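What follows draws every value from the coordinates through simple rules; no lab data is involved. These figures come from a predicted structure and were not determined experimentally. All Cβ positions, even for glycine, are placed from backbone atoms using ideal geometry, and neighbour counts span all protein chains on display.
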Amino acid sequence: MGILPWSFRKRSDFYADKHILITGGSSGIGKELARNVTEAGATVTLVARNKDRLRAAALELNPREPSASSSSRVYVYAADCSDPKAVDDMVAFVEEHYGPIDILVNCAGSAVGGYFESLDPCSFQDQMNSNYFTQVFPTHAIFKRMARRRAGHIVFTSSMAGQTPVFGQSAYVPTKYAVRGLAETVYHEAKPYNIDVTVVYPPDTDTPGLHQERSTMPPETLEISESGGLFSAEHVAKAIADGVRRKRFRVCIGFIGRLLGILTAGVTPGLSLLDVLVIPIARALTPFFVWDQNRIIRKGHAIRFPNTSTPQCPKPQQNAQSEPRSKPQLHEEPQQKQEPKQNMEPLQQKL
Ligand SMILES: NC(=O)c1ccc[n+]([C@@H]2O[C@H](COP(=O)([O-])OP(=O)(O)OC[C@H]3O[C@@H](n4cnc5c(N)ncnc54)[C@H](OP(=O)(O)O)[C@@H]3O)[C@@H](O)[C@H]2O)c1
């Protein structure tokens, strides 16, 4: 060991004996990150809602008994990260049974696309629950514990869609801008407690989540998002693992991702002198991207509405049973529809 270069030794040792909690760890980017860090010796706790997928991920990541040379373990816990009580219970249970959490990776999320005027208004709230509050609550539950220990690292997962608007993603994009605002604020609040913060801006990544999202995307969105390229989950997970190890505040992936990272850094840390020099060039390129998006949007509009040059909205649905407008109507509070809560018993499974 004495002859190994310092940087190599540090790189290979960083994740050994670390306990990393990954929300959304049963699929896609979260699962690949779990694979990356367990191979480097970390213990992971995967959190998601579906117990079967959690169990399958744990078996896939850790099929053998841990060997004497590696203390890496995979634990799973089923919880809905948009439920603050469930998240508090989960963090308390995990720290008590599996040990203090050194790194929290907030990766749970989902995306719904669609033309703004066609989206159900509830999907804006659902997307906030799925992508923003799933990152607020685990961070809030773990922050106090890390602050007491004066150590820890919190990773937020935004998106390239948290840096630039994307046509057809009006329910998703604001949630990822919100994550960015949260990460940038928590960065300052965490500093006095020696807690590091990283915010990741993944590009389109080949995951089950993206396949699901694409089935809801308008054709214009599909064409626009193709221009950013498609990355493998392994590539993105490696970039996240490297960024955390180097304590980077911002992790941007690919050429366009890096350009966007430089352009949208605002008043945040992490820009090199070279990045600062690139800003005017990157800014000068933006009219091209805007022009290209507008070209795709105009083309899509012409296909949707072939005989008109003015924007059209879908006609409001006529309710056949509604009373005539002239008749005075009594206002009644709509009954709150209670969704039955799924039983989220902790899956106390050590594999
Ligand atoms: N793939 C991309 O192109 C891309 C690009 C930019 C950003 N991102 C972001 O990267 C993250 C991971 O995306 P992905 O593509 O890897 O997605 P994915 O394959 O669909 O995985 C999502 C994971 O999150 C879990 N999850 C979802 N809602 C949850 C909740 N309320 N509570 C707990 N767990 C929940 C899912 O498990 P359960 O359903 O069982 O709960 C699953 O484990 C997301 O935040 C996404 O917005 C992805």
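Some points to look at:
- Value in Å of the Kirkwood radius, where the range 132-190 supplies the Cα pairs that are averaged: 12.3 Å
- Rh (Kirkwood; distinct C-alpha pairs) - the range 34-156, Å: 15.9 Å
- Annotation: for a label point projected 7 angstrom from Cα along Cα→Cβ of A56, residues of the range 206-248 with backbone N closer than 13 Å are 208-209.
- Sorting the segments 39-51, 144-156 by their residues' average number of neighbouring beta-carbon atoms within 10 angstrom, most packed first, yields 39-51, 144-156.
- Spin-label pair D89-Y115: with each label point 7 Å from Cα along the Cα-Cβ axis, the two points sit 4.4 nm from one another.
- Mean Cβ count within 10 Å, highest first, over the residues of peptides 201-213, 110-122: 201-213, 110-122
- For the pair L273 and D206, a Förster radius of 30 Å applied to the C-beta separation gives a FRET efficiency near 0.30, rounded to the nearest 0.05.
- Residue pairs, from the table K51/K191; K18/K144; K85/K247; K144/K191; K51/K247, whose Cα atoms sit over 25 Å apart: K51/K191; K85/K247; K51/K247
- The range 246-310: Cα Rg divided by the 2.2 N^0.38 Å rule of thumb: 1.59
- A simple spin-label model places the labels of R298 and K247 5.0 nm from each other, with each point 7 Å out along Cα-to-Cβ.
- Normalised Debye scattering of the range 7-303 at q = 0.06, 0.10, 0.11, 0.15 Å⁻¹ gives log10 I(q)/I(0) of -0.19, -0.54, -0.65, -1.19, counting only Cα atoms as equal scatterers and leaving out solvent.
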